[in-house]
1. Is it true that D65 is loosely packed, with under 13 Cβ neighbours inside 10 Å, more than 30 Å from A76 (Cβ to Cβ), at pLDDT below 80 and among the acidic types (D, E)?
2. Could you check region 105-144 and list, in sequence order, the residues that are among the polar types (S, T, N, Q) and either under 23 Å from D5 (Cβ atoms) or surrounded by 12 or more Cβ atoms within 10 Å (Cβ to Cβ) (or both)?
3. Take S27 and tell me if it is modelled with pLDDT of 65 or more, surrounded by fewer than 17 Cβ atoms within 10 Å (Cβ to Cβ) and among the hydroxyl-bearing types (S, T, Y).
4. Would you check if T147 is surrounded by 11 or more Cβ atoms within 10 Å (Cβ to Cβ), touching a residue at least 60 places away in the same chain (Cβ under 8 Å), out of contact with any Phe, Trp or Tyr (no Cβ under 8 Å at 6 or more places or on another chain) and farther than 19 Å from M10 by Cβ?
5. Please verify whether region 134-144 includes one or more residues that are assigned to a helix (DSSP H, G or I), closer than 29 Å to M10 by Cβ, at pLDDT below 90 and of a type in the set (F, W, Y).
6. Could you figure out which of (1) closer than 30 Å to E152 by Cβ; (2) acidic (D, E); (3) at pLDDT below 65 isn't true of D49?
7. Considering V129, V75, V150, which residue is at pLDDT below 85 and of a type outside the set (D, E)?
8. State all residues of region 9-24 that are surrounded by 14 or more Cβ atoms within 10 Å (Cβ to Cβ), of a type in the set (G, A, S) and either in contact with a strand residue (DSSP E or B) (Cβ under 6 Å, 6 or more places away or on another chain) or modelled with pLDDT under 90 (or both); if no residue qualifies, say none.
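The values are calculated or read from the model by the stated rules, or taken from the named source; none is laboratory data. Just so it is clear, the structure is predicted and the values come from calculations on it, not from any experiment. In this analysis, Cβ positions are derived from the backbone assuming ideal geometry, glycine residues included, and neighbour counts consider all displayed protein chains.
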Amino acid sequence: MQGLDMSTIMDELQLIAENGDYYGYDSDEEGYYQEYKELFDEIARGAEDLWQSLADLGYRLGVDDPLEHWDDMTVALLGDMRKIYGFNDVEEDYFPLGNDYEEYLAQSEAAKRLERLTKKELIQNFGMVLRTLMSYIDLKSADDTLTAIVSELDSHAAMMEHREGKLPQRAWVE
């Protein structure tokens, strides 16, 4: 589940926020970006709002580390559907767990740590994780899709400009 840890999500939200212009100023972007600027801005506002909401979460919940159980929650929720990765603190990198048994152990250990929480804490944490993941995945997919569309349109336009200089608009073979 590489990429679903909170620091990666926060970093990705900042990148998405930078794809748009949160304050609505004109940018120096060219091509089809300008035609889709309002959509980029809307996605950027959503990313900025989610980032700020996560940054303020501890204050709102009255806890020091509201994301303390994030990894356990995501492994417990999604571990049987997604590939589980471990994190090597020394190399500061993710590594895939070796086999199904190691993934089962990771899920079991995450569940054991979560069983120590009260029902209220479980409900609050799972609710926060689910809302965050749904919002993040929605914003990330919208940004990726819009970026791909604009990139494809720009490359197609560049290809057509290049072809127009060398080929006729229509050609027949007899």
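1. no
2. Passing the criteria: Q107, S108, Q124, N125, T132, S135, S141.
3. no
4. Answer is yes for this residue.
5. No, the conditions are met nowhere in region 134-144.
6. Result: D49 passes all but (3).
7. Unique residue meeting the criteria: V75.
8. If the condition is that a residue be surrounded by 14 or more Cβ atoms within 10 Å (Cβ to Cβ), of a type in the set (G, A, S) and either in contact with a strand residue (DSSP E or B) (Cβ under 6 Å, 6 or more places away or on another chain) or modelled with pLDDT under 90 (or both), then G20 is the only one that fits.
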